[in-house]
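Colleague: Got a structure for you, questions after.
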Amino acid sequence: METADLTRNAVDLLPEGGLEAKLEKGRPLRVKLGIDVTSPDIHVGRGIPLQRMRAFQDQGHRAVLIIGDYTTRIGDPSGRSSERPILSDEEIDANAQQYLAQARTILLDDPALLEVRYNGEWLSRLSYADVIRLGRIITVARMLERDDFEKRYRAGEPISVSELLYPLMQAYDSVAIGADVELGGTDQLYNLLAGRDVMAAYGLEPQVVLTTPLLLSWDGEKMSSSVGNNIPLTAAPEEMFGRTMRIPDSMLEEWYRLVAERPVPDGEPMAAKLELARWIVARSHGEVAAREAEEHFTRVVRRGQAPEEVEEIAWEDAADPVYLPALLQTHLGQTASHWRRIVDQGGVRLNGEPVAGYEVPRASLDGGLLQAGKRRYVRIRLG
């Protein structure tokens, strides 16, 4: 069985020879990828392990996408210097639905090749005795060998018991679905290896572990929804295109290798960047949307002009003045605090002039052309 496509860009593939042994069984493998719904976005960086999952699908294997509705309530401590905030049930449910839509931009949505599970199915049914049994498998000393835990422990920063339980809960997912292979970023290596130990403790053949690199964004930091240096897989086409164009030339080779999975084309860096942006948009939205996004980028960003067609939005709130961050949050997404920060930075303009504060008189806003950031334009109609 050909493994080059399955293991493309893999950093860790453990144990040695394990994948070949699984493939020799002559049956479709169950390939697991778990995603906690801590934010509403799967971004291009988190799409890299999804691309490996798609490669397994292309060879007839079954992708098992686990939506971590239950583990999100704990919060994955991987790579964190503090405990993650806990989301409400409503936020978790809303994020889960958006995650599925975004994952399907990469995965084959075929019931024979895609199985979607929520880990609340089994984790919510564990008794206290079940959790104690799970907790006996890995020692605290081994937990504290993790880089993130070790740093926090030495710094005297708190580590909750629930965070120590997290790798065991993620590992139990592999028991519940009978994983043959588990995929994840390199920051997930400890959790994935814990899955092997837990499967063995439950009398199952341990899974093979395959990790992929973490994608650096245009700012040189790991791409992250919480930081905002990300490209969501179902963002507006013009937003995806514009954000891709922010990649510095020095990162083009890495982005082509990890995201487009091919070499950088010959020619000028600008042409290569435009081609990559078209590819990223087309994967999510199709070729027509990619062409329109490029036209929008050329007109709005490269020439500094407003787009020919501007979306109109209606705002029914009767308050005067209008609280602009709330309007932008409702119609353009993100949070009100995000838009307050953009206003503070001079990134919101009304009829070409920077908005001076968060509140704008209704009379000046009605019918006005509002520019939010470099590429988003909307026409405001007040009810």
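The values are calculated or read from the model by the stated rules, or taken from the named source; none is laboratory data. All of these numbers come straight from a predicted model, not from anything done at the bench. Here the Cβ positions follow ideal geometry from the backbone for every residue, glycine too, while neighbour counts run over all protein chains shown.
Colleague: Answer yes or no: is there a residue in segment 235-246 that is touching a residue at least 60 places away in the same chain (Cβ under 8 Å), among the basic types (Lys, Arg) and not assigned by TED's automatic domain parsing to the domain that holds residue 20.
Modeller: no
Colleague: Same structure again: Please count how many residues of segment 334-362 are among the small types (Gly, Ala, Ser) and in contact with a strand residue (DSSP E or B) (Cβ under 9 Å, 6 or more places away or on another chain).
Modeller: Step one: of segment 334-362, the residues among the small types (Gly, Ala, Ser) are 336-337, 346-347, 352, 356-357.
Those left that are additionally in contact with a strand residue (DSSP E or B) (Cβ under 9 Å, 6 or more places away or on another chain): 336, 346-347, 352.
Here the count works out to 4.
Colleague: Tell me which residues, restricted to segment 88-139, are of a type in the set (A, V, I, L, M, F, W, C), surrounded by fewer than 11 Cβ atoms within 10 Å (Cβ to Cβ) and more than 30 Å from residue 45 (Cα to Cα).
Modeller: 129, 132
Colleague: So, one more: Kindly indicate whether residue 189 is at pLDDT below 90, assigned by TED's automatic domain parsing to the domain that holds residue 125 and crowded, with 16+ Cβ neighbours inside 10 Å.
Modeller: no
Colleague: Residue by residue through segment 128-164, note down the ones that are closer than 18 Å to residue 196 by Cα and in contact with a Pro (Cβ under 9 Å, 6 or more places away or on another chain).
Modeller: Matches in segment 128-164: 138, 143, 146, 164.
Colleague: Hey, could you check segment 16-37 for residues that are more than 21 Å from residue 57 (Cβ to Cβ) and buried (at least 21 other Cβ atoms within 10 Å of the Cβ) and say which is modelled with the highest pLDDT?
Modeller: The qualifying residue modelled with the highest pLDDT is 36.
Colleague: Also: Without any contact (Cβ under 8 Å) to a residue 12 or more places away in the chain and closer than 22 Å to residue 29 by Cβ: which single residue out of 197, 109, 180, 173 fits that description?
Modeller: Criteria check complete, one pass: 109.
Colleague: Looking at segment 208-227, is at least one residue modelled with pLDDT under 90, outside the structural domain of residue 68 (by TED's automatic domain parsing) and in contact with a Pro (Cβ under 8 Å, 6 or more places away or on another chain)?
Modeller: Yes, the conditions are met somewhere in segment 208-227.
Colleague: Here are some conditions: (1) in contact (Cβ under 8 Å) with a residue 12 or more places away in the chain; (2) under 26 Å from the mean Cα position of the chain (by Cα). Residue 147 meets all but one. Which one does it not meet?
Modeller: That leaves (1) as the condition not met.
Colleague: Could you list, in sequence order, the residues of segment 112-130 that are small (Gly, Ala, Ser), free of Cβ contacts under 8 Å to residues at least 24 places away in the same chain and assigned to a loop (DSSP other than H, G, I, E, B)? Show your work before the answer.
Modeller: First pass over segment 112-130, keeping only residues small (Gly, Ala, Ser): 112, 120, 124, 127, 129.
In the following step, the residues that additionally are free of Cβ contacts under 8 Å to residues at least 24 places away in the same chain were identified as 127, 129.
127, the sole residue that qualifies.
Colleague: In segment 131-222, which helices (runs of 4 or more DSSP H) lie fully inside it and hold 2 or more residues that are small (Gly, Ala, Ser)? Steps first, answer last, please.
Modeller: On the way: elements: 140-143, 147-154, 161-177, 189-201.
Per the criteria, 161-177, 189-201.
Colleague: Kindly list the number of the only condition in (1) more than 19 Å from the chain's Cα centre (by Cα); (2) surrounded by fewer than 23 Cβ atoms within 10 Å (Cβ to Cβ) that fails for residue 56.
Modeller: Residue 56 satisfies all of (1) more than 19 Å from the chain's Cα centre (by Cα); (2) surrounded by fewer than 23 Cβ atoms within 10 Å (Cβ to Cβ) except (2).
Colleague: Determine whether residue 329 is assigned to a loop (DSSP other than H, G, I, E, B), modelled with pLDDT of 75 or more and under 28 Å from the mean Cα position of the chain (by Cα). Outline the logic, then answer.
Modeller: Numbers: assigned to a loop (DSSP other than H, G, I, E, B): no; modelled with pLDDT of 75 or more: yes; under 28 Å from the mean Cα position of the chain (by Cα): yes.
So residue 329 fails the test.
Colleague: Okay, moving on. Return yes when residue 319 is touching a helix residue (DSSP H, G or I) at 6+ places or on another chain (Cβ under 9 Å), at negative phi and either acidic (Asp, Glu) or in a loop (DSSP other than H, G, I, E, B) (or both) and no when it is not.
Modeller: Considered against the rule, which asks whether it is touching a helix residue (DSSP H, G or I) at 6+ places or on another chain (Cβ under 9 Å), at negative phi and either acidic (Asp, Glu) or in a loop (DSSP other than H, G, I, E, B) (or both), residue 319 comes out as yes.
Colleague: Here is a further query. Would it be correct to say that residue 184 is out of contact with any Asp or Glu (no Cβ under 9 Å at 6 or more places or on another chain), more than 29 Å from residue 146 (Cβ to Cβ) and crowded, with 18+ Cβ neighbours inside 10 Å?
Modeller: For residue 184, the condition - out of contact with any Asp or Glu (no Cβ under 9 Å at 6 or more places or on another chain), more than 29 Å from residue 146 (Cβ to Cβ) and crowded, with 18+ Cβ neighbours inside 10 Å - is not met.
Colleague: Still on this structure: Only strands (runs of 3 or more DSSP E) wholly contained in segment 338-383 count here; list those with 2 or more residues that are on the phi > 0 side of the Ramachandran plot and exposed (fewer than 13 other Cβ atoms within 10 Å of the Cβ).
Modeller: Because the criterion is at least 2 residues that are on the phi > 0 side of the Ramachandran plot and exposed (fewer than 13 other Cβ atoms within 10 Å of the Cβ), no strands (runs of 3 or more DSSP E) in segment 338-383 meet it.
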